[in-house]
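Peer 1: So that we are looking at the same thing, I have put the structure below in structure tokens.
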Amino acid sequence: MGALPKRKISKARKGRRRSHNALKLTGVSKCPKCGSLKKSHFVCPNCGTYKK
């Protein structure tokens, strides 16, 4: 027999534990020409500009 939990983990406690697990949107910036989102240090996929 394996170990079993003594008590039920509440939704609030589970949510507090998982509060740091969210994914962050990193390395994304706005294109200065067309304003769409693009990866930093990459050519804009919409208008094809790079560094102004």
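Values in this text are rule-based calculations from the coordinates and carry no lab data. Values in this document were obtained by computation on a predicted structure and should not be read as measured data. Here Cβ is always computed from backbone atoms with ideal geometry, including for glycine, and neighbour counts include all displayed protein chains.
Peer 1: If you scan region 1-37, which residues turn out to be under 15 Å from the mean Cα position of the chain (by Cα) and without any contact (Cβ under 8 Å) to a residue 12 or more places away in the chain?
Peer 2: Selection gives ARG18, SER19, HIS20, ASN21, ALA22, LEU23, LYS24, LEU25, THR26, SER29, LEU37.
Peer 1: Which count do you get for residues in region 1-35 that are part of a loop (DSSP other than H, G, I, E, B) and either out of contact with any strand residue (DSSP E or B) (no Cβ under 7 Å at 6 or more places or on another chain) or of a type in the set (Asp, Glu) (or both)?
Peer 2: Going through region 1-35 one residue at a time, the tally reaches 20.
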